[in-house]
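Comments concern the structure below.
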Amino acid sequence: MDSSEKITVIEASGSHFGFKWRELWECRDLILLLAKRDISVVYKQTVLGPLWFMIQPVIMAAVYSVIFGRVAKIPTDGVPQMVFYLSGTVVWNLFQSVFNSAGSSLFANSALLSKVYFPRLAVPISTTLSNLVFFAFNMAVFLFFCVWHIFRGDSVSISWWALAFPVLVVYAAVSGMGMGLWVAAVTTKYRDLRFSLPFLLQIWMFASPVVYPLSCINSDGVRMLYWVNPVAVAIEANRLMFVGQSSLTLNGVFIGVCSALIVFVSGLLLFDQVQRNFVDTV
Amino acid sequence: MKFAISAEKIRKSYRLGTLGYRTFGSELRSFFSPRYRAEDNNLESLPRCENGFFHALRGVSFEVPFGCSVGLIGGNGAGKSTLLKILSRITEPTSGRAEIRGRVGSLLEVGTGFHPELTGRENIYLNGAILGMRKKEIVRRFDEIVDFSGVEKFLDTPVKRYSSGMYVRLAFAVAAHLDTEVLFVDEVLAVGDSEFQAKCLGKMGKLSSDGRTILFVSHNMSAVRSLCSECIWISDGTVRMRGKSADIVDEYLRHGTSLAQLKLSERTDWTGMGGVVPDRLDFVFRDDTGGYALSLAYHTTNGDSWMMPRAVIDIRSADGVSVIGLDSVCSGDIPLKAPESGCFEVTLPKDIILRPGKYICDIRLIGAQGAMYVLENACVQEISPRMPSSWVNHPSSASLFMIPQTWSLTGVR
């Protein structure tokens, strides 16, 4: 045996946090293949294939334009309705899909994970990656509407902040995954959360400025509360970059980044703790 | 000396009861109550069930030298699979420690992670990565894998359109090319046809002669005997014996036979949910019908009737080869609701003549909710030579049983 020989130690790790980053790095091929699986499985036996990811947000935004724009007459800060609703919907979709798929990652793959070992974190990471690809289609539609309205001379403008767009994507994905890791860890033992999750998400969406601008919240205190919600920060940042109409402040960014990091790190630790023995309880 | 696998006092305990369906209060209380602690130096003397805990493994220690293939045998519920799951890191031990030197691969199932919508090609990559191969390794061995599986024509067809045989062949082909120094294998051979099983055994034999370290869990004693040089017998969550395969397998089979001499009511080694208990199992030759007959008397423990009763009896020869499988669902005469005590009867056609020797029966009693009573080595029966006079010169002494046969010879002009 050569000296670079690998030694695997198996013991009860108790409550200490020994995160195996190297192991995770070693299974990067698996992460990519799992993400590829999730992406290609969605297209199978559909005629429109990836086009669905472009049709969906347009239909949602159109419905919002009718209900919230025409009927409820909620203002959009003078921004064309389709652009406004799309700017919120695409970010919300990204957060929500990353959250949902990371949240069900252990439960949905329990048959696989009880037969073979690989770092369990590979599953939520791969679902996050595949959702980023779906997000790209959403985003393309949104950008198409932005450019079209700029071309028509409506009040839409893309700012230099748009260069920081990758940061926004990472931010939204990380906060969605952090929440998802929490849910994944808790649902292995208590399935209650699986039932309450759909309507929690519904409430969360309305608590985020998806269908209304943050400028219609007048109280400073309430606005501070909004910044704790990473989705609100991400949506406002998205509007700052591609719409030119936003209430985002530096304070808001700071609070939002802190809360997302707290959720992500604590989610990671909890997930790591639960995945060790989850096969026994799931 | 360094070992490929060394395990030291591995214990795995489960809390009994319905986890996850408890009230908030009891959940809180159990959170604050002290965790179960056991003295490490006296694990083997723990009772298996105690204070609401079940000790699936009670201090298992053993070493496996490099390049050795070791069989892991034991009855149902002895803890073999739990041990394999701990060594493959699917779950953690409650206490104890194990060290494995070299890359580890485990095959607890054929086709883990196969996705029906993906094509054969895509599944080879995905399954290989799930088993722990790097992508470039899979690329390098891709042609070999395809060759071995024999499905090259269907590589770009989704595997959901494969026949089950093709599916298993492709899955095993990927697994067989898992190139790790240490390999854990659990009853993978139980699937597929005999040709496929022979192929698996051949591949495993080749791996072990290549110097791989293999830990092999199986109920197939002849496979264990031929593949493994050493054997570990796990019983009730501890290592009961270890040594040369031939010796341990013989001892294990002898132990099964001696257990089978006990009365069914004295047996404690059964598994299942409970609710129904067999009173006696008889395996006799009936002179009036001229064939073998089995009868299995039972009673339910709570005095209720037994819903959707089903009895399965497997008859094995003394060296562990399954001879006949009997299952009450094969017959239309079983009521949906059985009385609280009763007796199953099954008669074998009188033309089946078993080879003289010892036969052992395993029984499974199944109800609407699943297996209620599972017992290996439930009874042993010595079959005496009972051949019709015209058969005395029957040549095939190696076959398991004889049946009447009609021969003819016609000349061809």
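The values are calculated or read from the model by the stated rules, or taken from the named source; none is laboratory data. This structure is a prediction, so every number in the text was calculated from the model and none was measured. When we count neighbours, we look across all protein chains shown, and the Cβ atoms used for this are built from the backbone with ideal geometry, even at glycine. Surface accessibility is based on the protein's heavy atoms, side chains included, excluding ligands, DNA and RNA. Shrake-Rupley method; radii C 1.70, N 1.55, O 1.52, S 1.80 Å.
Couple of notes before you dig in:
- Global form of segment A:17-62, assessed from the alpha-carbon gyration tensor, a/c cut-off 1.5: oblate
- Relative contact order [Cα under 8 Å, 6+ residues apart], chain B, whole percent: 15
- Peptide A:27-33 is shielded by partner chain Cβ atoms: per residue, an average of 6 of them sit within 10 Å of its Cβ.
- Computed E for A:Ala62/A:Phe199 - FRET, C-beta separation, R0 22 angstrom, nearest 0.05: 0.40
- Candidate lysines - alpha carbon under 26 Å from B:Lys244, same-chain residues fewer than 8 apart omitted: B:Lys2, B:Lys9, B:Lys80, B:Lys85, B:Lys199, B:Lys203, B:Lys206, B:Lys358
- Placing unit charges on the Cβ atoms only, positive for Lys and Arg and negative for Asp and Glu, gives the protein assembly as shown a dipole magnitude near 1040 debye about its Cα centre.
- Look at the dipole of segment B:265-388 built from charges on Cβ: of B:Ile363, B:Gly325, B:Tyr298, the Cα furthest out on the positive end belongs to B:Gly325.
- Computed from backbone phi with θ = phi - 60° and the Karplus coefficients 6.51, -1.76 and 1.60, the 3J(HN,Hα) list for segment B:57-69 is 10, 10, x, 9, 10, 6, 10, 10, x, 4, x, 9, 9 Hz; x is used for glycine and proline.
- For the residues B:Leu87, B:Leu281, B:Leu294, a GNM of chain B with alpha-carbon springs under 10 Å puts the largest fluctuation on B:Leu294.
- Lysine pair count for segment A:23-276 [Cα-Cα under 30 Å; pairs on different chains or 8 or more apart]: 5
- Amide H contacts for B:Leu72 (H built 1.01 Å from N in the peptide plane; partners 5 or more residues away or on another chain; cut-off under 5 Å): B:Phe216, B:Val217, B:Ser218, B:Ile232.
- Here is how the number arises for chain A: DSSP H runs of 4 or more residues each give -39500 (n - 2.57), the sum is divided by the residue count, and the result at 222 nm is -21500 deg cm²/dmol.
- Potential lengthening between B:Ser295 and B:Ile334 on full extension [0.36 nm per residue; Cα-Cα distance subtracted]: 12.6 nm
- Taken across both chains, chains B and A shield about 3800 Å² of accessible surface from a 1.4 Å probe.
- Solvent-free Debye scattering, log10 I(q)/I(0), computed from the Cα coordinates of chain A at q = 0.09, 0.11, 0.12, 0.17 Å⁻¹: -0.48, -0.69, -0.81, -1.40
- Across chain B, Cα-Cα pairs more than 42 Å apart make up 25 percent of the total.
- Heavy-atom accessible surface of segment A:220-282: percent carbon and sulfur, 1.4 Å: 72
- Top of A:Glu23, A:Glu236, A:Glu11 by mean-square fluctuation, Gaussian network on chain A, Cα under 10 Å: A:Glu11
- Additional length obtainable on full extension of the chain from B:Ile403 to B:Ser305, 0.36 nm per residue less Cα span: 31.4 nm
- Computed on protein heavy atoms with a 1.4 Å probe, the accessible areas place A:Trp92, A:Trp148, A:Trp161 in the order A:Trp161, A:Trp148, A:Trp92, largest first.
- Based on DSSP H segments of at least four residues, each scored -39500 (n - 2.57), chain B has a per-residue ellipticity at 222 nm of -7000 deg cm²/dmol.
- Per residue accessible area in Å² of the protein assembly as shown, where ligands, DNA and RNA are left out and the probe is 1.4 Å: 49
- Positive end of the dipole of chain B (Cβ unit charges, origin at the Cα centre): among B:Cys49, B:Leu131, B:Met166, the Cα lying farthest that way belongs to B:Leu131.
- About its Cα centre, the dipole of segment B:267-382 is roughly 120 debye, where the only charges are +1 on Lys and Arg Cβ and -1 on Asp and Glu Cβ.
- Residues listed by number, segment A:263-282, amide nitrogen under 18 Å from A:Val228 label point at 7 Å toward C-beta: A:263-267
- Rolling a 1.4 Å probe over the protein chains gives A:Leu248 an accessible area of about 40 Å².
- Relative contact order computed over segment B:265-388 (Cα-Cα under 8 Å; 6+ residues apart), in percent: 30
- Close amide-amide hydrogen proximity is noted between B:Ser106 and B:Phe184, each under 5 Å apart and 5 or more residues distant or on a separate chain (H modeled in the peptide plane; Pro and chain starts excluded).
- Between A:Phe165 and B:Ala318, the modelled labels are 8.0 nm apart [label points 7 Å from Cα along Cα→Cβ].
- Estimated vicinal HN-Hα couplings, Hz - segment A:73-78 in sequence order (Karplus 6.51, -1.76, 1.60; Gly, Pro = x): 6, 7, x, 10, 6, x
- Max mean-square fluctuation residue, GNM over chain A, Cα-Cα springs under 10 Å, options A:Arg37, A:Arg191, A:Arg152: A:Arg152
- Ranked order, B:Tyr252, B:Tyr359 - accessible area, probe 1.4 Å, largest first: B:Tyr252, B:Tyr359
- In segment A:23-276, Cα pairs under 8 Å separated by at least six residues give a relative contact order of 27 percent.
- Here the label points at B:Asp279 and B:Ser222, each 7 Å from Cα along the C-beta direction, are separated by 3.8 nm in the simple model.
- Charge dipole (debye, nearest 20) of segment A:23-276; +1 at Cβ of Lys and Arg, -1 at Cβ of Asp and Glu: 520
- Antiparallel DSSP beta bridges within segment B:84-258, percent to nearest 5: 45
- Between A:Phe254 and A:Lys189, the simple label model (points 7 Å from Cα in the Cβ direction) yields a spacing of 3.7 nm.
- Near the amide H of B:Ala378, within less than 5 Å, lie the amide hydrogens of B:Cys361, B:Asp362, B:Ile363, all on another chain or at least 5 residues away, with H placed in the peptide plane.
- Rolling a 1.4 Å probe over the protein heavy atoms leaves A:Phe165 with an accessible area of roughly 40 Å².
- Sparse packing (at most 15 other Cβ atoms within 10 Å of the Cβ) combined with a DSSP loop state is found for the following trypsin sites (Lys or Arg not before Pro) in segment B:301-379: B:Lys350.
- Scalar couplings 3J(HN,Hα) for segment A:150-166, obtained by applying the Karplus form with A = 6.51, B = -1.76, C = 1.60 to θ = phi - 60°, are 5, 4, 7, x, 6, 7, 10, 9, 8, 9, 5, 4, 4, 4, 8, 4, x Hz; x denotes Gly and Pro.
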